[in-house]
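The values are calculated or read from the model by the stated rules, or taken from the named source; none is laboratory data. Every value quoted in this text rests on a predicted model; they were computed, and no experiment measured them. When we count neighbours, we look across all protein chains shown, and the Cβ atoms used for this are built from the backbone with ideal geometry, even at glycine.
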Number of protein chains: 2
Amino acid sequence: MTSHASVSQPSTLAQPINKSAHAFDKVMLDAMLARRFFFAPAFEIYGGVAGLYDYGPTGSALQANILDAWRKHYIIEEDMLELDTTIMTLSDVLKTSGHVDKFADWMCKDVQTGEIFRADHLVEAVLEARLKGDKEARGVKEEVEVEEDDKKKKRKKNVKTVAVKLDDEVVAEYESLLAQIDNYTGPELGELIRKHKIVNPSTGNEMTEPVEFNLMFESNIGPTGQIKGYLRPETAQGHFVNFARLLEFNNGRVPFASAQIGRSFRNEIAPRQGLLRVREFTMAEIEHYVDPLDKRHARFAEVKDVKLALLPKNVQSEGKTDITHMSVGEAVAQKIIDNETLGYFLGRTQLFLIKIGIDPERLRCRQHMANEMAHYAADCWDFEIQSSYGWIECVGCADRSAYDLTVHSVRTKQPLRVQVKLDQPRVVEKLECTFDAKAFGMKFKKEAGMLKETLAGMDRDRLQCVKDELETGVASVKGTDGKSYEISSELLKIEPVTVTEHVREFTPNVIEPSFGIGRILYSLLEHSYWAREADKARVVLSLPSLVAPIKCLIVTISQDSQLRTLIHDISHKMRKLGIASRVDDSSASIGKKYARNDELGTPFGCTVDFASLQKGTMTLRERDSTSQLIGPIDTVIDVVDRLVKGTIDWQGATEVLETYSGVQDVE
Amino acid sequence: MTSHASVSQPSTLAQPINKSAHAFDKVMLDAMLARRFFFAPAFEIYGGVAGLYDYGPTGSALQANILDAWRKHYIIEEDMLELDTTIMTLSDVLKTSGHVDKFADWMCKDVQTGEIFRADHLVEAVLEARLKGDKEARGVKEEVEVEEDDKKKKRKKNVKTVAVKLDDEVVAEYESLLAQIDNYTGPELGELIRKHKIVNPSTGNEMTEPVEFNLMFESNIGPTGQIKGYLRPETAQGHFVNFARLLEFNNGRVPFASAQIGRSFRNEIAPRQGLLRVREFTMAEIEHYVDPLDKRHARFAEVKDVKLALLPKNVQSEGKTDITHMSVGEAVAQKIIDNETLGYFLGRTQLFLIKIGIDPERLRCRQHMANEMAHYAADCWDFEIQSSYGWIECVGCADRSAYDLTVHSVRTKQPLRVQVKLDQPRVVEKLECTFDAKAFGMKFKKEAGMLKETLAGMDRDRLQCVKDELETGVASVKGTDGKSYEISSELLKIEPVTVTEHVREFTPNVIEPSFGIGRILYSLLEHSYWAREADKARVVLSLPSLVAPIKCLIVTISQDSQLRTLIHDISHKMRKLGIASRVDDSSASIGKKYARNDELGTPFGCTVDFASLQKGTMTLRERDSTSQLIGPIDTVIDVVDRLVKGTIDWQGATEVLETYSGVQDVE
């Protein structure tokens, strides 16, 4: 058992389980997950559809337990305002948020077969294959890629490598192209495809010009077909459009947070990678609203000593992946993490992920690089979890600034702002914008309102920069749409004025931790999976009791009718206590039953035999160690109840029950 | 407090609250639900869309608690197999289930304005208005409609009544038409509209011919647009397509049940009625698979004494609504309810609804009449809950027979059947179908396979009937598509044969309890709502602690900083125990805070004052009675924990804490 597991998993193992000592076998894991119906392709009997999966009894119980833990960890423990908003979203809302225009990938088609590729993935895969072929032709042995990241794996579409030597300058050109592949627009990708004669690797056919493909599922609301809707690509917009009501509910004060668990949809061009890239998925999102001038967090002290594995942006831009282990407190103090609130959520999230069983050794916080971040984001960190697919983004923690509330406010003319009454009126020197309203409107037309809002939302320092620039005759201002606008000094004057303020008004900034539940769930399955030393076919899911689909297995060693009645009585008692238990009264051997139990990740097992009828006793088995205890039936049930609730650990159980060294287990 | 409330609500009231003594005020309730953000129109700041609602913090916490109670009551307590399947559904699946062809309503448009009506609702509303006008013209005073049902209310679209006397035969014709309004097809409705000169009541314009409008939201999966999908109109099909995996998971045995909680969608033509008719809603569905020859239930004895308020079909077909109060056991014994399993779920569901706070006096089980039931259903009962909208179907309990599994099996050629190995091989006389394969195929073409499956799925008695009919030369067989097929005796022979069986094979029947969570939630809000005798403006939601969004309010009588620190400490302790508590440290008066608390349905309130600092005590208030107790802070926290967990009731709390007669409350 790795170090983290002891945080939440009961154990009295003399020696910790060394999972990494067993080579990870993905084929065996996949077979087991299908056999135990954790998840399966949706409509499998109809042939299925890529990127759509159904969770079976084990998978959905695991998911429900993860979500329950999430709700307790965040919503209840932190007193957040929960929301449940619609999936079907009015197109206007997503037009404002930018999703209608920008939530798209570039795709191109094989001109003959119509096979579809993501343009950037195609270019990358073909050029990488050519570089590899060049190395082969030059007789260069390729280095072993120790940590291949998510994106690379995804893009290797089985493009065949042909050993062809390239000119040195071509190699240099390809390498330069690949380093900035994320930066190209669709037309630029089209040019690359033509220039480098990139064709469909499997047919050799030419490709069409890249066209933009919006990743949202579209539908129509109502019988007229006139109301356009999209299935939401994130739950966040449902929070923002309700901000005014939420603020009122919170007595008009910030900071506070809203939270939502729900399904979102992305019509991926070509989903692969199982649960890690799907078209329909469960998210859990928090939107924490703060004063832009005060991003401290009242409970920061509680997490300041949590150690994070940080991969900051400056390290990455040097082309490195070296991890810095640092406490949240230090990282915020050194301004590596932008502010306390962002740091607080990074710390809390690390605690959550470890609590549900993620291996802390395979967890890192990667900061977004400047060119990768949404234009409005102030800072963004991803919790990446390592699995057989590489390092995968599972939780994103972004400071979305005032972007979303500002754009919705401009579009709907509803004030989405906070007013703070000042204890004392204060006389302040402010920078005030004065517009030549007519000329400004003529020049910027429908963007005029947005630009005015943008300027109104700026803090003094930024406004001072604009003022300084204006003195040169023209200032460049970045709007909430991400574009830059040239404003000349005839249209805008910025002058210091002295005003007496009774109220301070501001648009809150939003810090957003956003969880991909399916990705976390799949990573957890990989991290929990190992095989017993004695028999590699005996695999175990060491899920913490907190999230295990079933907490307790109840079995009998014989098919005797009195014993069968007894285990159903025991099961009934456990159910009444709310313990998710499962009777296995099949005719399988006790060893087979335990093996099945271990694959389901059930932490505890109760077994009755003829002694149970005579003496009223029952044994209790712990999954990871296979060690067993014995005691009176009702005492054992009580111990299981306390183990499941986490009020005692296995050590505590050994103090209540006696050690049992019967011959029932198989090892 | 009505009798049911004492089942789950703590109370020491000397006199029960008589909610019905206060006239129900829907306007006040609606205002309160908006003010406390239980729910609100989705995208309200964008003008909203009919039939789409967002749940705010109180509504979504209430919903989460109802779902948690549901999961414990059914999935955990009954060891069901939970599923979480996709919302986006392949069109083929819904083609097979019949939804693509049949899940539709008839609509017609105002030829000028394009205003849209459901054709049947329009005809009904106009004819009813004419009959009413006739009565007025005749000077007949209309009887008071005591119990106006859901459908009628819905269809009264503010059609203006004009006092015009009709001929006696016209009155008779209208009355006859209205009695069978549910039976008309679209073309028939079109004929009625023409014949009776029915126009748009608000414009006087003519209406178009009725056209069918499918109620499913359509979308396309993937970038080619070639894979058609629909948003599921129910979760049930997601269960059925996974039946083979579920059966394997359950070791190949029935009975067992699958269960799913999730969002479903219906693109209603013109949704009104708030949360009761919406385009996106949360359902909880159970599919219980049973041997068609043995619909007994192992736990039937546990519910046989539960009393139901039954409205059987024979009573309704006599035009009456008289309720029969009868135990589940009696109703099944008398064959009023078809079988034990259906009876079991009716009993369990009644227990669930009462547990979460539904008033048992406003709950009835209405059986579907023969013409109203889906053609494949063997028996169907709706739990209807009475609210200001009339009696509304909130839970449907249907015996769907073998319909769904049969049609999916026929379409996909996957065997969705159960095999039971017989202990002893048995020699049985069976009726065997022999087909003239070629002629049968020629005659029935693509329906041939379905008809063979239908015959194969029949029990001996039904097959004997077909055999008897065949002797007349031709037999009429109802297929799984609901249509009748004439099969002649040249194409099919049915003969008794003697076979030795080692295995019995059958397609399980499905009993389906299906819960509309939003409807239950809204009904619960109405049932929990009342106003205090002393002040009608002081309204209360008497939600049981089990489902109340917040369990405990924590307040201080002053803004003293020591007291503020203290309540945050108390809040922290409660959160650690998992109690959803809420601090109100606003400057509002204690009375205002309690009033807000009562509107949120928070059952308990803890108050600290300066005595708390000196003596370490705190008071505890119960919402419904407003009575108060006092004790040491940690003891009070422990009492709250036990009250919330339901291990003690308010009476139990009075045994631990002392009565407090301070002056803090307002009444």
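In segment B:590-603, the residue that is farthest from B:PHE37 (Cα to Cα) out of those that are more than 14 Å from every other protein chain (Cβ to nearest Cβ) and not in a helix (DSSP H, G or I) is B:PRO603.
Annotation: of all residues in segment B:573-585 being in a helix (DSSP H, G or I) and at pLDDT below 90, the one that is farthest from A:GLU77 (Cα to Cα) is B:LYS576. Of everything in segment B:238-248, what is touching a residue at least 60 places away in the same chain (Cβ under 8 Å) and either facing chain A (nearest Cβ under 9 Å) or within 15 Å of A:SER60 (Cβ to Cβ) (or both)? Give them in sequence order. B:GLY238, B:HIS239, B:VAL241, B:ASN242, B:PHE243, B:ALA244, B:LEU246 - these are the residues of segment B:238-248 that are touching a residue at least 60 places away in the same chain (Cβ under 8 Å) and either facing chain A (nearest Cβ under 9 Å) or within 15 Å of A:SER60 (Cβ to Cβ) (or both). When the residues of segment B:293-337 are filtered to those that are of a type outside the set (Val, Ile, Thr) and within 20 Å of the chain's Cα centre (by Cα), the one that is farthest from B:ASP379 (Cα to Cα) is B:LYS307.
Taking A:LEU231 as the residue in question, decide whether it is facing another protein chain (nearest Cβ under 9 Å), under 30 Å from B:ALA588 (Cβ atoms), buried (at least 18 other Cβ atoms within 10 Å of the Cβ) and of a type outside the set (Asp, Glu). No. Scan segment A:324-347 for residues that are closer than 18 Å to A:GLY396 by Cα and in contact with a strand residue (DSSP E or B) (Cβ under 8 Å, 6 or more places away or on another chain) and jot them down. A:VAL328, A:ALA331, A:ILE336, A:ILE337, A:ASP338, A:ASN339, A:THR341, A:LEU342, A:PHE345, A:LEU346, A:GLY347, listed by residue number.
The set of residues in segment A:249-265 that are within 13 Å of chain B (Cβ to nearest Cβ) and modelled with pLDDT of 95 or more comprises A:PHE256, A:ALA257, A:SER258, A:ALA259, A:GLN260, A:ILE261, A:GLY262, A:ARG263, A:SER264, A:PHE265. Of all residues in segment B:488-532, those that are in a strand (DSSP E or B), within 25 Å of B:ASP294 (Cβ to Cβ) and of a type outside the set (Gly, Ala, Ser) total 17.
Of the residues making up segment A:96-115, those that are in a helix (DSSP H, G or I), more than 10 Å from every other protein chain (Cβ to nearest Cβ) and either surrounded by fewer than 23 Cβ atoms within 10 Å (Cβ to Cβ) or acidic (Asp, Glu) (or both) number 4. Here A:GLY319 fulfils each of the conditions (1) more than 14 Å from chain B (Cβ to nearest Cβ); (2) surrounded by fewer than 16 Cβ atoms within 10 Å (Cβ to Cβ); (3) assigned to a helix (DSSP H, G or I) apart from (3).
Against the definition (part of a helix (DSSP H, G or I), in contact (Cβ under 8 Å) with a residue 24 or more places away in the chain, of a type in the set (A, V, I, L, M, F, W, C) and in the same structural domain as B:LYS573 (by TED's automatic domain parsing)), how does B:ALA611 come out, yes or no?
no
Please determine whether any residue of segment B:139-161 is modelled with pLDDT of 80 or more, crowded, with 19+ Cβ neighbours inside 10 Å and within 24 Å of the chain's Cα centre (by Cα). The answer is no; no qualifying residue exists. State whether one or more residues within segment A:85-95 are in contact with a helix residue (DSSP H, G or I) (Cβ under 8 Å, 6 or more places away or on another chain), more than 8 Å from chain B (Cβ to nearest Cβ), part of a helix (DSSP H, G or I) and among the polar types (S, T, N, Q). So far as segment A:85-95 goes, yes, one or more of its residues are in contact with a helix residue (DSSP H, G or I) (Cβ under 8 Å, 6 or more places away or on another chain), more than 8 Å from chain B (Cβ to nearest Cβ), part of a helix (DSSP H, G or I) and among the polar types (S, T, N, Q). Checked against the criterion of being at pLDDT 95 or above and over 30 Å from B:PRO255 (Cβ atoms), the candidates B:LEU29, B:LEU62, B:LEU13 yield just one match: B:LEU62.
Just name the residue that is surrounded by the most Cβ atoms within 10 Å (Cβ to Cβ) out of those in segment A:368-388 that are aliphatic (A, V, I, L, M) and over 28 Å from A:GLU526 (Cα atoms).
A:ALA378
Give the residues of segment A:67-96 that are of a type in the set (S, T, N, Q) and either over 13 Å from A:THR235 (Cβ atoms) or modelled with pLDDT under 95 (or both), sorted by residue number. A:SER91, A:THR96 - these are the residues of segment A:67-96 that are of a type in the set (S, T, N, Q) and either over 13 Å from A:THR235 (Cβ atoms) or modelled with pLDDT under 95 (or both).
Among residues of segment B:399-425 being among the charged types (D, E, K, R) and buried (at least 19 other Cβ atoms within 10 Å of the Cβ), the one that is nearest to the other protein chains (Cβ to nearest Cβ) is B:ASP404. Every condition in (1) among the hydrophobic types (A, V, I, L, M, F, W, C); (2) out of contact with any Ser or Thr (no Cβ under 6 Å at 6 or more places or on another chain); (3) closer than 18 Å to A:HIS568 by Cβ; (4) crowded, with 23+ Cβ neighbours inside 10 Å holds for A:PHE610 except the one numbered (4). Kindly check whether there is at least one residue in segment A:26-48 that is under 20 Å from A:ARG266 (Cβ atoms), in contact with a Pro (Cβ under 7 Å, 6 or more places away or on another chain) and more than 7 Å from chain B (Cβ to nearest Cβ). Checked segment A:26-48: at least one residue is under 20 Å from A:ARG266 (Cβ atoms), in contact with a Pro (Cβ under 7 Å, 6 or more places away or on another chain) and more than 7 Å from chain B (Cβ to nearest Cβ). In segment A:552-586, what residues are of a type in the set (Lys, Arg) and either over 20 Å from A:VAL639 (Cα atoms) or more than 10 Å from every other protein chain (Cβ to nearest Cβ) (or both)? Within segment A:552-586, A:ARG564, A:LYS573 meet the criteria.
Without any contact (Cβ under 8 Å) to a residue 24 or more places away in the chain, in contact with a helix residue (DSSP H, G or I) (Cβ under 8 Å, 6 or more places away or on another chain) and not in a strand (DSSP E or B), is that true of B:GLY441? Yes; evaluated as a whole, the condition is true for this residue. Checking each residue in segment A:54-84 for being at the interface with chain B (Cβ under 7 Å from one of its Cβ atoms) and in contact with a Ser or Thr (Cβ under 8 Å, 6 or more places away or on another chain) picks out A:ASP54, A:TYR55, A:PRO57, A:GLN63, A:ASP79, A:LEU81, A:GLU82, A:LEU83, A:ASP84.
Table: residues versus (1) assigned by TED's automatic domain parsing to the domain that holds A:GLY396; (2) among the β-branched types (Val, Ile, Thr); (3) more than 30 Å from A:ARG118 (Cα to Cα); (4) surrounded by fewer than 21 Cβ atoms within 10 Å (Cβ to Cβ).
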position	(1), (2), (3), (4)
A:ALA270	yes, no, no, yes
A:GLN273	yes, no, no, yes
A:HIS288	yes, no, yes, no
A:ASP291	yes, no, yes, yes
A:ASP294	yes, no, yes, yes
A:GLU302	yes, no, yes, yes
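Residues that are within 29 Å of B:ILE356 (Cα to Cα), more than 36 Å from the chain's Cα centre (by Cα) and surrounded by fewer than 19 Cβ atoms within 10 Å (Cβ to Cβ) do not occur anywhere in segment B:645-652.
With respect to B:THR507, is the statement that it is modelled with pLDDT under 90 and surrounded by 20 or more Cβ atoms within 10 Å (Cβ to Cβ) true? So that I can check it myself, show each step before the final result.
Numbers: modelled with pLDDT under 90: no; surrounded by 20 or more Cβ atoms within 10 Å (Cβ to Cβ): yes.
When the stated conditions are applied, B:THR507 does not pass them.
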